[in-house]
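First comes the structure, then the notes that go with it.
The values are calculated or read from the model by the stated rules, or taken from the named source; none is laboratory data. Since the model is a prediction, treat every value here as computed from it, not as a measurement. Every residue, glycine among them, receives a Cβ derived from its backbone with ideal geometry; neighbour counts consider all protein chains shown. For the accessible areas, the whole protein counts, side chains as well, though only heavy atoms, and no ligand, DNA or RNA atoms are used. Shrake-Rupley method; radii C 1.70, N 1.55, O 1.52, S 1.80 Å.
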Amino acid sequence: MRTLLLRRVGHAALVVAGVVCLTFLLARRLPGDEAVTATGARATKEQLAAARERLGLDDALPVQLWHYLTGLLHGDLGTSLHTRQPVLDDLRRALPASLELVGAAMVLAVLVGLPLGVLGARFARRGTDLAVRTGSMLLVSVPVFWLALALQLLLATKLGWFPVAGEYDRSLDSSSPLTVFTNVTALDALVTGNWTVLGSTLHHLVLPAVVVAAYPIGVVAQMTRAALIEESQQDHVRMERALGFRPLEILLRFSLRPAIGPVLTLLALVFAYTLVNSVLVEAIFNWPGMGTYTADAIRSVDTPAIAGVTLVVALVYVVGNLAVDLAQILIDPRARQR
């Protein structure tokens with residue numbers, strides 16, 4: 001068990017190192033000049049030369065990469081050329097809001113997608129299964145910006161059931177000020193007992209979370225259905241049928257546990273994918289997360305910020321996969337032999 005864990009951690013560290021190096025090198029090749037971003041479009045040649053020297057842009061590319069990696073080892077992700085703030089501080093402010101949104105979406109994906117997959121497997125090749133497959137395909141295929149605008153128009157503007165945008169009602173800052181600990185608004189409001197802000201945050205969270213959850217719900221439903229149908233072909237299922245167990249009981253009691261491994265692996269991948277692709281949703285709903293920060297970094301050729309965002313996403317992906325590996329080992333002992 002310990003050897004397996006150490007091997008997985010070693011592989012994860014190599015993946016993160018490779019992603020960081022590749023992203024840094026590619027970011028350096030983006031169109032644009034970082035010196036212009038740092039000094040402004042009206043800077044003189046002398047100011048540009050000074051900026052290039054200060055940023056180390058005149059050094060050879062391997063030297064620049066070495067300086068960046070050395071800084072990372074000391075917890076220094078560099079200074080954003082756009083915000084003029086340390087990238088680490090920017091990420092500390094932006095990441096929690098994105099994690100709040102994506103985390104809520106993943107909870108929805110499990111609560112909705114898993115039962116849909118079980119339902120599709122239980123009634124395989126019947127009308128219910130067809131409805132589950134069609135619905136999941138639509139959820140996977142629908143453009144997030146279209147779904148976001150449609151829900152805003154129908155549920156927010158027309159019916160007035162939900163707010164159009166924002167993280168919570170900012171007028172509450174004067175009447176019910178929030179004490180910030182984690183920058184995850186819902187969690188901070190819950191911990192401090194600020195029920196007014198908590199209710200407003202959950203109310204604002206519904207629409208963007210549903211939009212972000214659409215793709216994961218469809219993927220989880222399809223994967224759960226496929227894994228359960230494949231598991232239903234195993235010998236132990238035939239024996240359980242012969243012993244008189246009902247089909248639904250076989251699915252939930254005997255087939256779901258070994259079939260959940262691929263679904264857990266998928267969830268880790270989908271989480272990282274969803275974190276990266278929530279940019280449009282955050283922009284449409286004015287959600288203060290990494291989406292706006294990433295878009296600004298790319299537009300302004302902000303290499304330190306781009307590399308910092310990539311590092312965070314790579315870490316989320318790697319940590320998620322490690323957690324899935326551990327969960328698979330605990331759920332299915334066969335995983336220990338892989």
### Query
Any idea what the dipole of segment 97-211 comes to, in debye rounded to 20, about its Cα centre with Lys/Arg Cβ at +1 and Asp/Glu Cβ at -1?
680 debye
### Query
Using heavy-atom solvent-accessible surface (probe 1.4 Å) with all chains present, what is the largest-first order of Asp173, Asp188?
Asp173, Asp188
### Task
Quick one: which residues, 5 or more positions from Thr79 or on another chain, have an amide H under 5 Å from its amide H? H modelled 1.01 Å from N in the peptide plane, none for Pro or chain starts.
Val87
#### Entry: In nm, spacing of pseudo-spin labels at Arg126 and Leu22 (7 Å Cα→C-beta vector)
4.6 nm
